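The values are calculated or read from the model by the stated rules, or taken from the named source; none is laboratory data. Treat the numbers as computed from the prediction; the structure is a model and nothing was measured. FYI the Cβ positions are ideal-geometry reconstructions off the backbone, even for glycines, and counts take in every protein chain you see. Note: accessible area is taken over every heavy atom of the protein model, side chains too, but ligands, DNA and RNA are not part of it. Shrake-Rupley method; radii C 1.70, N 1.55, O 1.52, S 1.80 Å.
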Amino acid sequence: MAENHPPAMREEDPDGQENRPQPRETAPGDAPPHGPASRPDGQTQPQPARATAPGQPWGHQPFHRQAFAAIDLGTNNCRLLIARPQGDNFVVIDAFSRVVRLGEGLAQNGRLSQEAMDRALGALQVCADKLRRRNVHLARSVATEACRRAENGPEFIERVRRETGIMLDIISAKEEARLAVLGCHLLLEQGEGPAMIFDIGGGSTELVLVESVAGEVPRIHDWQSVPWGVVSLTETCGAEPDGAEARAARYAHMRETVRDSLAPFTVRVWDRLQAEQQRKQPLRLLGTSGTVTTLASVHLELPQYDRRAVDGLSVPAESMRAISARLSGMEPRERRQQPCIGRERSDLVVAGCAILETILDIWPADQLGVADRGIREGILRSLMAAGGAGEKSRAALRRMKREGG
């Protein structure tokens with residue numbers, strides 16, 4: 001039976017084209033940003049709490065009215081989130097998401113194709129316009145596996161800066177894992193001790209073994225990134241064949257490919273897994289990705305995707321396995337007709353199912369937590385934590401001056 005965790009977020013009138021709207025997120029005060037933040041004009045902005053309201057000098061806008069932004073350019077999607085602080089939380093004021101398939105053909109050619117770069121650039125132009133219209137004073141924009149792997153990744157980053165003013169930071173797999181944990185850990189099932197958080201992307205998958213303590217951001221104990229996401233694994237394993245037996249063989253090959261890549265990590269976490277099972281503690285598992293949210297929608301039999309129903313859901317692992325087996329065995333035409341999958345995801349969801357089942361083999365939890373949040377939320381939390389710390393320091397300085405005067 002599926003269960004929902006208490007909602008942690010609220011939405012304030014977003015006018016973007018985000019298919020999965022992002023409401024409010026709790027923001028910790030102890031997580032500094034890693035990597036450069038930039039203003040909408042593309043210039044690096046080292047000061048964490050400065051405003052850019054038209055006609056006002058930097059710093060005149062109260063912290064709670066300042067807009068922060070996060071852009072995540074992945075192998076498959078380009079996503080933007082803009083929010084303002086609200087106490088210990090933040091309120092989303094705009095969001096945008098578009099499937100760009102930046103990594104299309106990368107597995108075969110080692111380069112980003114012209115068509116893929118043009119699609120991504122078009123989406124980033126929309127993001128740049130939103131940054132300007134929302135008077136964003138501090139933003140961080142990151143690119144992940146596709147740009148890490150592509151021979152011409154740096155050239156594309158420079159083109160984006162030149163044509164949109166957005167400075168993309170190609171982050172490491174470790175930083176990607178850290179931001180994903182920071183963005184979604186609030187939905188981790190209550191408890192102390194080890195837990196697994198994973199992010200199935202377009203070009204890579206990150207697994208993070210965390211140690212959680214009540215009231216704190218989980219500490220990363222171990223992590224692994226493998227170059228298999230829904231796009232890279234799909235392209236590497238070739239076109240989907242006709243016939244049930246051939247589809248089953250391709251799916252088994254996908255699972256074996258992922259399992260082999262994760263073998264060193266599996267060995268490293270084995271002792272932790274055994275210890276938890278001997279203590280008879282329920283294993284905690286949380287996934288953040290389009291694969292997980294899509295399968296959760298299928299589990300709920302939703303006619304169309306509803307983030308409010310999915311984000312924070314807890315689904316029996318066996319249900320996710322059954323859905324994975326069923327989708328992988330369908331003919332492509334039949335899969336395209338499934339609600340919440342459609343044409344855009346129909347060819348990629350099989351690879352996502354293969355990765356998910358392999359993760360469930362490694363960390364066989366009874367329940368799977370579902371998060372429709374991740375890197376963008378992690379970036380926002382980092383930016384606002386740094387901005388909030390700066391605001392507190394300035395407020396303390398002002399008080400000292402008043403008291404001294």
Quick one: which of 334, 357, 318 is within 25 Å of residue 184 (Cβ to Cβ) and surrounded by fewer than 17 Cβ atoms within 10 Å (Cβ to Cβ)? 318
Residues being open to solvent by 40 Å² or more (accessible area, probe 1.4 Å) and not in a helix (DSSP H, G or I) - total across the range 104-122: 2
Where in the range 145-222 are there strands (runs of 3 or more DSSP E), lying fully within it, with 3 or more residues that are free of Cβ contacts under 8 Å to residues at least 40 places away in the same chain and in contact with a strand residue (DSSP E or B) (Cβ under 6 Å, 6 or more places away or on another chain)? 205-212
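I'd like to know if the range 128-135 contains one or more residues that are out of contact with any Ser or Thr (no Cβ under 7 Å at 6 or more places or on another chain), surrounded by 15 or more Cβ atoms within 10 Å (Cβ to Cβ) and in a strand (DSSP E or B).
no
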Take the residues of the range 280-329 that are in contact (Cβ under 8 Å) with a residue 40 or more places away in the chain and in a loop (DSSP other than H, G, I, E, B): which is nearest to residue 177 (Cα to Cα)? 289
Can you name the residue in the range 186-199 that is open to solvent by 10 Å² or more (accessible area, probe 1.4 Å) and not small (Gly, Ala, Ser) and, of all such residues, is farthest from the chain's Cα centre (by Cα)? 192
Every residue from the range 296-315 that is open to solvent by 20 Å² or more (accessible area, probe 1.4 Å) and among the polar types (S, T, N, Q): 304
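Report yes if some residue within the range 38-52 is at pLDDT 90 or above and not in a strand (DSSP E or B); otherwise report no. Steps first, please.
Start the filter on the range 38-52 by keeping residues that are at pLDDT 90 or above, which leaves none.
No, because not a single residue in the range 38-52 is at pLDDT 90 or above and not in a strand (DSSP E or B).
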Residue that is of a type in the set (S, T, N, Q), at pLDDT 95 or above and either open to solvent by 10 Å² or more (accessible area, probe 1.4 Å) or over 25 Å from residue 211 (Cα atoms) (or both), where the choices are 257, 293: 257
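Quick check on this structure: which one of 192, 176, 158 is more than 21 Å from residue 116 (Cβ to Cβ) and not polar (S, T, N, Q)? Working first, answer last.
Working: 176 fails: more than 21 Å from residue 116 (Cβ to Cβ); 158 fails: more than 21 Å from residue 116 (Cβ to Cβ).
192 is the lone residue from the list that is more than 21 Å from residue 116 (Cβ to Cβ) and not polar (S, T, N, Q).
Might you check whether a residue that is farther than 16 Å from residue 145 by Cβ and surrounded by 22 or more Cβ atoms within 10 Å (Cβ to Cβ) occurs anywhere in the range 214-232?
No.
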